[in-house]
Amino acid sequence: MSATADTTIHHDPRGLSDRFAFRFTKFLRFLADVFFAKRYGHRAVVLETVAAVPGMVGGLLQHLKALRLIKDDNGWVHTLLDEAENERMHLMTFIEIAKPTGFERLVIFVTQLVFYNLYFFIYLFSARTAHRIVGYFEEEAFYSYTEYLAGIDNGEHENIPAPAIAIKYWKLPPDARLRDVVIAVRADEAGHRDVNHRFADELS
């Protein structure tokens, strides 16, 4: 995906479920803006902790549903677990870049504890709402990484060498820089956005 990729793709909320998902996402975006502002590396560490949860929760519950109903999952479980793994690699990458403090590591722990349980119950109550939330999460992530990319391009953030873990995972050139990593991560988020909005539509 190029640096000029379309940032305007958006699913307009339709109905109570979508509006809840949208407002919930905007609330979390507000908290991220308050706590991290333009410290995008540190923001990414905490937000990717959240982003790595839904795929695992959805994959688990879809797996159990398929067993319970004795029916094929139509590829949902594999897709969702792949998403969880991908988001975990985002987290591992930005830990190398941002070098979180002890306090930020505590925030990661608390964030995961709270969000896992919250999202689990949302998914049990309404899988459609849960996937729509992730679709909106990924819209916001795409927007945040676009801002991060702009900051790198205008010199606001140093374009440091890409961590070895990122070069290996995304098969980047040996001389890849932070800018290349952000573009790769942003492309991943766009894919997760589209998949989760599609899953939510299929559950409508």
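With the gyration tensor restricted to C-alpha atoms of region 43-181, the semi-axes of the equivalent ellipsoid amount to 31, 17, 14 Å, longest first. Scanning residues 5 or more positions from ARG177 or on other chains, those with amide H under 5 Å from its amide H are ALA162, with H placed 1.01 Å from N in the peptide plane.
Could you work out [θ]222 nm for the chain from helices alone, using -39500 (n - 2.57) per DSSP H run of at least four and dividing by all its residues? Round to the nearest 500 deg cm²/dmol. Per the formula, -27000 deg cm²/dmol. Look at the alpha carbon pairs under 8 Å that are at least 6 residues apart: their mean separation over the length of region 49-131 gives a relative contact order of 42 percent.
Packing, taken as the mean count of other beta carbons within 10 Å per residue, orders the peptides 124-134, 103-113, 161-171 from highest to lowest as 124-134, 161-171, 103-113. Averaging the sequence gap over all C-alpha pairs within less than 8 Å and six or more residues apart, then dividing by the number of residues, gives the chain a relative contact order of 28 percent. Give me the percent of accessible area attributable to carbon and sulfur for the chain, probe 1.4 angstrom. The C+S portion of the solvent-accessible surface of the chain is 63 percent. The Cα atoms of region 56-118 cover 46, 22, 10 Å along the three principal axes, with the biggest extent listed first. Taking only the Cα atoms of region 133-204, the ratio Rg/Rh comes out at 1.09, with Rh defined as the Kirkwood radius. Summed over the residues of the chain and divided among them, the accessible surface reaches 52 Å² per residue at a probe radius of 1.4 Å.
The values are calculated or read from the model by the stated rules, or taken from the named source; none is laboratory data. Everything numeric in this text was worked out from a predicted model, so none of it was measured. Positions of Cβ are generated from backbone atoms using ideal geometry, with glycine treated the same way; all protein chains shown enter the neighbour counts. The accessibility values were calculated without ligands, DNA or RNA, using every heavy atom of the protein model including side chains. Shrake-Rupley method; radii C 1.70, N 1.55, O 1.52, S 1.80 Å.
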